[in-house]
Amino acid sequence: MTTDRNSIIGKVDWPLLLMFFALVIIGWLSIYSAGLSEGNHAIYEMSQFSGKQMIWMAASLTLGFIVLLLDAKFFDAFAFWIYAIVLFLLVFVLVYGKATKGATSWIDFGGGVKFQPSEFAKLATALALSHYLGRQDAELTRRKNRLVSYAIILLPAALVLLQNDTGSALVFASFIFVLYREGMPGAGAIMLLAVGAIAVFVFTLIWSRMVMFIILGSLFALTLTYYLLNKKKGIGKMVAVFAFFFAFVFFVDFAFNHVLEDHQRTRIEVLLGMKEDPKGAGYNLHQSKIAIGSGGFWGKGFLQGTQTKYDFVPEQHTDFIFCTIGEEGGFKGSLIVLLLYCGMLVRIIRMAERQRLAFSRIYGYCIAGIIFVHVAINIGMTIGLVPVIGIPLPFLSYGGSSLLAFTIMLAIFVKQDANRLNIL
Amino acid sequence: MSTRNTNRNLAKRQFVIIGIFVAICAIYLLKLFSIQVLDKTLKQSADNNVLRFVTQYPARGKVFDRNGELLVYNEAVYDLMVVPGQVKEIDTTKFCQLLGISHETFVENMAKARKYSRIKASVFVSQISKEDYAHIVEILHNFPGFYFQTRTLRHYPKAIAAHTLGDIGEVNKSELEADPYYKMGDYVGKSGIERFYEKELRGRKGLKVVMVDVHNREKGSYLDGSLDSLPVAGKDIYLGLDAELQAYGEQLMHGKIGSIVAIEPKTGQILAFVTSPTYDPNLLVGRVRGAHYNELLKDPMKPLLNRAISGTYPPGSTFKMVNGLIALQSGSIVPATQFRCNGPGSTPIKCTHHHGPSPDLANAIENSCNPYFYEAFKTTINNPKFGGIKEGYEYWYQMTQKLGLGHPFETDIPYEKSGNIPTRKYYDKMYGGSWNSVTIRSLGIGQGEILVTPLQLANIVATIANEGYYYPPHLIRAFGDSTAIPEKMTTRCETGIERKHFQVIKAGMRSVFEGSHGTARGSKIPGISAGGKTGTAQNPHGENHSIFIAFAPVEDPQIALSIIIENGGYGSTWAAPIASLMMEKYIRGYTERPLVEKRMMEGVINYAVKKKK
């Protein structure tokens, strides 16, 4: 069976698409409002960020539609080619890229058209990983398969990190979800260890190393007693885990003072309340919390925000777009947006599980992870739960590369899903 | 089979992942609920309070002369601001009465403000005096959305040096775009040192965020002032200018068109920067600025033009110093070299002065002999050591550049002209490559294509006074907070001409005042030795321009100056006496020649009549 042009509209998953459209429209309106500090301008005026975003929206929708018309097997078949091209672009941008705000991640086509390959690196990695793990014999229980998977993920992540774009590199951690779902031994343990490590990191910084040793030591003594009394197996593993955390406590101070850069260190200190600095490094966070907080339950109303219009909140149309939503939409607005994201993620995972092709399922999990990490970091940063890391809010933030990449990412999945009944 | 089972088992893991997603979403919603609904400290407008962002304007830096005399200071005025989005129904008739504006003006200003921004403040009525302010502020609470903002205007107690000091005015569109520091309605330096030292003078604006209730009353600062920032006052500036000398120069130039530039040779600091006609800088301040500016702009005498940097003139005989120096340095002549002068019968350039038939260099300067300098110029560019006239010309051209001609100094004087020293290429193009020393003979006596600004001319004199080097002429002497002045202005520029050559030229210039034939012997200053040179620049549009350059005292020069009087005839008529008075005034502090002084100050050149000739 071949894809029928006339029936594709009937086969796509409309709930997912509606959530997508809702987010894009909310983003567009917010970008308009955030940019409207001087003069009265219409939303479509090219002098406004919203006007430019409109062009990107049109381009994204067009490309997304083209993706729906392509053969469903196209992206599986060309996954590695797409991956190779993106890797090449990442290397290219390192050599010839244009630096903005400390990160060398742009290719400038001139005339104001810039392109950020790192936005597409996530998409390409998702395709490559899905293609690789989607093969018949790609059980993650095999060591070789695991190593290749790691390589597929870490290679672009390293290149993005070299561009000094820590935020985007961090997003590659999202692939842990798909590895966990595909049964990689130890993936669950890695997630738990990561949560544990973040906790140890935070508490070591807030309290002192000594206190951490006492706490960990007592925990270890208790667990050991429990293991010995109940004659439980796996005592070796348990000891190894504690050894890891003890070592990690030592590592925290070192990492904090020598590995992190100054601005990253200050952002963490501000987040943990170790430093009060509302005018310096804490400025963004402080202002963004004021803006969101001032929205109240019902919000100030569309275009009525004040905090996001006095240049108080920096980057308010890009990374801090959620401030405008929080201020003008209030808790009501925040709730709608968060529920849209949450609904979208759950929907993607439920859809992934109904796929007949391993490629489609794995790909679904990949993009769910990517979107989740973006949303969690971005919104977490604006409300002071995560340190300030500059990555866009999917579908909402101003920026062509980001919107294009996320739209195509989603369109590919929608296409796979629409085609699922054609697979025997 | 195992794959299937595994997959079914693994499929359960979706719920772990969904659980994580939902959990994070729930945590975020709780946090959002906490800061948006529960936390009242982050709230601002629950009871209709609005925030007002009051810009705290810093005091602009003051300007002093070299002796600490105050030249520019600030006066407080008040701008009535409006935030259109906060304006409620008001009694407009009463409001207009209060402000003394018409209803049309009210509507017009309101529309303008609304067009700029509904939520940002714009100036509604600017520069309200202290008295009116006191009157209005008492009942302003009846008019929500309006408030006062303190501003400062410039004031000039001495009313001199208008062009040098420059003025400030509201930022225009391109200035707004060029620097995000400026907001609509801000003032920015438009000319002179106000423009050049804008960054130093302006200081840094501060911001005060205050809460205002529905009755337009300020309820104190927002968030305990954690968002406020204090303004930082601008730096004071000390100029090299001597206010007394400047004022004296402006008096002397009254009724004449032209300029005086006086430089302290040892530092390059400008002592007097006179352009005439001038105007009272206080005219271009405040609300009357626009009207006065237009008036000055229309004046046929062009008082807004700073002739000291924007006027370019053929230097005439004053250029003979330059040709003499280059001829000496290139080894084409020695001080004793004599050239034949046949007076009015000389070719290709005749001599207009009466002196002996074979002058040497010092003699030629004293008598301003044309044929001598034509010959010296010709000998230089034809010097066989250059291998050709074009190469010789190139050498001559390079030397003029080193003497500071043909290009602006680009120190701290905006809108400086380059003047013109023609390049070799220019002549190649003009004469199709076949030209020689006769073709360009006018250059020998400072005519032809050569154009200099009075500033460049004064700098040549300073270089001669220094015997070989100069500091790029500049206005700044020091900043009030003792920040170093830009390095460019303290960097010594070498001319590459030996000191001994300058000494010959200096001796010649001294005899211009003191020699029996000296062209300025009538302007000799009793008791003060000086060197000078007259010049008469041919002017195709009317009477010749009168030029004089001079320095004094010869032994240890304190002042070097150039004077140009447009259509003033011979250099010795107007320019030389004025120069001698300026030097005397600067060195002595007073002058001993009241008659000359009176004649110069009262002398008026009737331009309207002369131009018709």
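The values are calculated or read from the model by the stated rules, or taken from the named source; none is laboratory data. Just so you know, these numbers come straight off a predicted model, no measurement behind them. Note: ideal-geometry Cβ built from the backbone for every residue, glycine included; neighbour counts use all protein chains shown. Side chains included, ligands, DNA and RNA excluded: accessible areas come from the protein's heavy atoms. Shrake-Rupley method; radii C 1.70, N 1.55, O 1.52, S 1.80 Å.
Of note:
- Neighbourhood net charge (12 Å Cβ-Cβ; Lys/Arg +1, Asp/Glu -1) for residue B:268: +2
- What separates the Cα centres of the range B:500-546 and the range A:364-424 is a distance of 83 Å.
- For trypsin sites (Lys or Arg not before Pro), the sites in the range B:84-146 that DSSP calls loop and that have at most 15 other Cβ atoms within 10 Å are B:88.
- Average beta carbon contacts from partner chains per residue of B:173-182, 10 Å cutoff: 0
- Net dipole in debye of the protein assembly as shown [+1 Lys, Arg Cβ; -1 Asp, Glu Cβ; about Cα centre; nearest 20]: 2880
- Entries of B:350/B:390; B:173/B:235; B:205/B:302; B:302/B:524; B:390/B:417; A:52/A:415 with Cα pairs more than 30 Å apart: B:205/B:302; B:302/B:524
- Counting Lys and Arg as +1 and Asp and Glu as -1 over every other residue whose Cβ lies under 12 Å from the Cβ of residue B:110, the net charge comes to +2.
- Rounded to the nearest 20, the Cβ-based charge dipole of chain A about its Cα centre (Lys and Arg +1, Asp and Glu -1) stands at 1440 debye.
- The residue list B:440, B:178, B:20 was ranked by how far each Cα lies along the charge dipole of chain B toward its positive end, using unit charges on Cβ atoms, and B:20 comes out on top.
- Fraction of beta bridges assigned by DSSP in the range B:51-239 that are antiparallel (%, nearest 5): 95
- The calculated 222 nm mean residue ellipticity attributable to helices in the protein assembly as shown amounts to -15000 deg cm²/dmol, summing -39500 (n - 2.57) over DSSP H runs of n ≥ 4 and dividing by all residues.
- Centroid-to-centroid separation of the range B:129-166 and the range B:249-277 [C-alpha atoms, Å]: 33
- Each of B:315, A:214, B:482 was placed along the dipole of the protein assembly as shown (beta-carbon charges, centred on the mean Cα), and the one lying farthest toward the positive end is A:214.
- Neighbour net charge for residue B:294 - beta-carbon separation under 15 angstrom, K R +1, D E -1: +2
- Computed log₁₀ I(q)/I(0) - Debye formula, equal Cα scatterers, no solvent, the range B:389-436, q 0.16, 0.23 Å⁻¹: -0.53, -0.83
- Sequence-distant residues sharing a close amide H with residue B:271 (under 5 Å, placed H): B:262, B:263, B:264
- Per-peptide packing, taken as the mean over residues of other Cβ atoms within 10 Å, places A:319-329, B:528-538 in the sequence A:319-329, B:528-538 from highest down.
- Quotient of Cα Rg and 2.2 N^0.38 Å for chain A, N being how many residues it contains: 1.05
- Check: the range B:51-239 dipole with +1 on Lys, Arg Cβ and -1 on Asp, Glu Cβ, in debye: 360
- Ordered from highest to lowest accessible area with the whole protein assembly present and a 1.4 Å probe, B:435, A:28 read as A:28, B:435.
- Entry note, the range B:502-570: relative contact order of 25 percent, from Cα contacts under 8 Å with a spacing of 6+ residues.
- Cross-link reach is defined here as a Cα-Cα straight distance under 15 Å, omitting same-chain residues fewer than 8 places apart; for residue B:88 the aspartates and glutamates meeting it are B:213.
- Relative contact order (%) - criterion: Cα under 8 Å, at least six apart; region: the range A:191-259: 48
- Averaged over peptide A:341-347, the number of partner chain Cβ atoms lying within 10 Å of each residue's Cβ comes to 4.
- Within the accessible area of chain B, the carbon and sulfur atoms contribute 53%, probe 1.4 Å, all protein chains present.
- Within 10 Å of each Cβ in A:327-338, the average number of Cβ atoms from other chains: 3
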